[in-house]
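Read through the structure below, which is laid out as structure tokens, and then see the notes.
All of the numbers you see were taken from the coordinates with simple rules; none came from a lab. Small disclaimer: the values here were computed from a predicted structure and weren't measured. When we count neighbours, we look across all protein chains shown, and the Cβ atoms used for this are built from the backbone with ideal geometry, even at glycine.
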């Protein structure tokens, strides 16, 4: 079947923060740039980020230093974040944040007129010696919303082409295994086209929907990860999933870490501020993995709140109504809607909830996607780039610090854009994709469109999410995980043969959901196999059967290879360019 | 059991739109309308609607529930139903329907684009951020929070009659967000773009927009401010 | 910016201001006339004639007449561009709108000339 071809210099898949930042960089330099987004860009999940963007802009503390931020991030990552990448992110960060401000982002302000910064978890001054820092730049508690809208507006100003409500199905590789574009469906009409591009950037975000309880939007289905895995490309550290301490109990909706940054704290059913026991110094502002585990411990030991003792309370009333309304208005709104309490009167019931995928498509600091060759050396995948949550640069390692995701997406979206801009200027030539290459990328869609029987998406999706929730949650155990892997293997055949009963073209969301489900499966399976393989506890990956960090064997990235479903290792970078490397030490807060 | 009546239209199958009734077992829970739609979608996969964040910040699932526009994900059944026994869900009024609850938002976005919704500042950018006092920043509160869900504009009769010429409450709220931003230098240019009988002045103060805004914003007030700025500039 | 030749004022602001200003004139005139009727029990033709043919009252009546014409023009124009449009009724919208506009502008013109003739003739 021949389909129409649309051609661009650069195509960005995903209209969230990372994608739009990359697109902006390219569009500003005059290259023909398109953003393929399955939702109107301001509906992307970046919009839900609340607390802020962490960056040493030296507003709250004039002596603040990006190196301190780098130290925190390395420590937060439990030492498997690449230090060259973290160095790049923390040092370039201020410039990237000031650019956002110049674009019009409505940051909250200090009395001096500078950007307001609030304390967040895992932040310190003077390499952990100087106490709590306040380094997270905020626009009230709607920073993600403000950032996403600002980026969309700037792209509009720079004439980026938006293919809104188009869905990318699979990568097109030419005979040289170079990525030359994607197959995409226009959701409104059902038309399928080949979007050809010299550079294809995956900024497809996370995949929190592999779990049944998640803070993530319905659209976070790991489409980029699924496409990369199906194309035979590896993913890195995919077992590392962050559970956010404060998801609203029952609803999964997030309330920001900024609640604790502004002075809120967690209490158990006895009203005890239990984080004082687990993290005597940082208390409620310890790393997210530490806080989440402590909460689960409290619940497991019978000190949970509510009739079933299955959550804890986030206490905010002592901050006073005025502070709450000025600093956390969105949280008050969410709490009233989803927990039916106003934080000025009563604590919010919270529980650790799947929040962020630290792993993803391995890239270098220029956003180029990587794989590992036969000799264990990094090899660039020509034509493919990744940034944002879909990528694993890796700056978050085994645990991301709050406020670092927004920084990650603007810094590396920008970096990918800068690199592609340079490469385009120097000239990029790829062999044209032939009909076979396109047919290969169309195979999955064709199979789905021709399905005659099978199970439905909704049913299979629930099953997948339940397996992940039960077997790969906050605490993990070898035998449980092996059982989970078996269940997923069984599910694979069924999901590959999912039945699409509605075959119509006009805005067929069932077709999209079925394709998304297959991506969820890819991410889930990679997560499961990598998690079972990493036989230690590090950052967000906490195992009952291997409770300690094992630097001897596992101070490295995991690389999941989808071709033979095995997990390899890749060295962590300990060679920052301008500072001495931070050597691993025991991680306490 | 709750009866839910939903506007259905698939251009490939149906000659004209119709209302389809479903029975839903809510188990006595005060679910959000979106939860009900998700339950129905699992049963009837042909039913389509937009959704994303499910927490009222992305603006995808604007629809008309028992006569009032709102976001399905943060509208509990009790609020949508009021005293009624039946939940009636229709697409946002005034925009062309693509399929079921999905409308063509093109006209709405076009009006947004028209107001140049981006900061314009001709002065060279400093090495750090542009300074802005907390008081100046406070002017943006109640404006920048708009999520472009279109609940307001599609509840506005003036927008129904002139969606191609009247900017509509949402776009005007954003217009004022940039007019009042102390960092924006294009105030005059922005105002002169708005000074025709349609863009702003088709607002007759009906205030449906204020009544339906899921974020509690007040476009009518912003429009009043724009009108005052236009008047003080031209008299 | 949308421009329209059948529009009365030069732009949105002038339309809006004219509409407000003419309302005030009409309200004042109405109160003034109402006051005359309320304050005088038995109104004869002579009294009526004397009241309205005084110079200040003639000027006031003229102002009110002009205000009504302007106000009605702008108001009816707005109605015609809301409902009688191609969006609402296809191509015949333009024809109907033009007919309607011709009709009300003719009527208003006749009222104007007739009124002036009564007041100053």
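Given 0.36 nm per residue, what is the gain on full extension from residue A:159 to residue A:470 after removing their alpha carbon distance, in nm?
107.3 nm
Using a basic spin-label model with each label point 7 Å from the Cα along Cα→Cβ, how many nm lie between residue B:192 and residue A:189?
Placing both labels 7 Å along Cα→Cβ, they lie 3.9 nm apart.
For a paramagnetic label modelled at 7 Å from the Cα of residue C:66 toward its Cβ, which residues of region C:20-47 fall within the zone defined by backbone nitrogen distances under 12 Å?
Residues C:22 fall inside that zone.
How would A:322, A:455, A:516 line up from fewest to most surrounding beta-carbon atoms within 10 angstrom?
By the 10 Å Cβ count, ascending, the order reads A:322, A:455, A:516.
Multiplying the sequence separation of residue A:579 and residue A:6 by 0.36 nm and subtracting their Cα-Cα distance, what value in nm do you get?
201.7 nm
Write down the percent of antiparallel bridges among all DSSP beta bridges whose residues are both part of the protein assembly as shown, to the nearest 5.
70
Which order do the peptides A:16-27, A:461-472 come out in when sorted by mean C-beta neighbours inside 10 angstrom, highest first?
A:16-27, A:461-472
Please compute the average number of Cβ atoms from other chains found within 10 Å of each residue's Cβ in peptide A:42-53.
4
Hey, rough spin-label estimate for residue A:502 and residue C:87, points 7 angstrom out along Cα→Cβ, what's it come to in nanometres?
Taking the two extended label points, one gets 2.9 nm.
Based on the Cβ-Cβ distance of residue C:21 and residue C:47, what FRET efficiency does E = 1/(1 + (r/R0)^6) give at R0 = 25 Å, to the nearest 0.05?
In this case the efficiency is close to 0.20.
Assuming R0 = 25 Å, what is the FRET efficiency of residue B:104 and residue A:425, from their Cβ-Cβ distance, to the nearest 0.05?
About 0.05, to the nearest 0.05.
Please list, in order, the residues from region A:48-90 whose amide nitrogen is less than 19 Å from a point placed 7 Å along the Cα→Cβ vector of residue B:182.
Under 19 Å, as judged by backbone N against the label point of residue B:182, lie A:59-60 of region A:48-90.
Going by the alpha-carbon gyration tensor, a ≥ b ≥ c the square roots of its eigenvalues, is region C:2-121 rounded (a/c under 1.5) or, if a/c is not under 1.5, prolate (a/b greater than b/c) versus oblate?
The shape class here is prolate.
So how do A:317, A:366, A:176 line up by other beta-carbon neighbours within 10 Å, fewest first?
Result, fewest neighbours first: A:176, A:317, A:366.
What FRET efficiency would be calculated for the residue pair residue C:39, residue C:100, taking the C-beta separation as r and a Förster radius of 41 Å, to the nearest 0.05?
Approximately 0.50, to the nearest 0.05.
Report, as an integer, the average count of C-beta atoms from other chains found within 10 Å of each Cβ along A:215-228.
2
Which residues in region A:1-45 have a backbone N closer than 18 Å to a point placed 7 Å from the Cα of residue B:12 along the Cα-to-Cβ line?
What the label zone holds, given the 18 Å backbone N cut-off, is A:1-4.
Is the C-alpha gyration tensor of region A:292-354 telling us rounded, prolate or oblate? Criteria: a/c under 1.5 is rounded; beyond that, a/b larger than b/c is prolate, otherwise oblate.
Prolate, since a/c reaches 1.5 and a/b exceeds b/c.
Measure out, as a whole number of angstrom, how far apart the alpha-carbon centroids of region B:85-159 and region A:342-367 sit.
27
For peptide B:40-49, what's the mean number of Cβ atoms from other chains within 10 Å of each residue's Cβ?
Across B:40-49, the average partner-chain Cβ count within 10 Å equals 5.
Could you please rank A:512, C:59, A:248, placing first whichever residue has the fewest other Cβ atoms within 10 Å of its Cβ?
Least to most surrounded, the residues fall as C:59, A:512, A:248.
What is the protein assembly as shown by shape, rounded, prolate or oblate, if you read a ≥ b ≥ c off the alpha carbon gyration tensor as root eigenvalues and call it rounded for a/c under 1.5, prolate for a/b larger than b/c, and oblate otherwise?
Since a/c reaches 1.5 and a/b is larger than b/c, the shape of the protein assembly as shown is classed as prolate.
Report the gain in length on full extension from residue A:110 to residue A:490: 0.36 nm times residue separation, minus Cα-Cα distance, nm rounded to one decimal.
Contour length minus the Cα-Cα distance gives 131.2 nm.
When the helix-only estimate is applied to the protein assembly as shown (DSSP H runs of n ≥ 4, each -39,500 (n - 2.57), divided by the residue count), what is the mean residue ellipticity at 222 nm, nearest 500 deg cm²/dmol?
Result for the protein assembly as shown, helices only: -12500 deg cm²/dmol.
Can you compute the modelled spin-label distance between residue A:126 and residue A:61, with each label point 7 Å from Cα toward Cβ, in nm?
Here the modelled spin labels are 0.9 nm apart.
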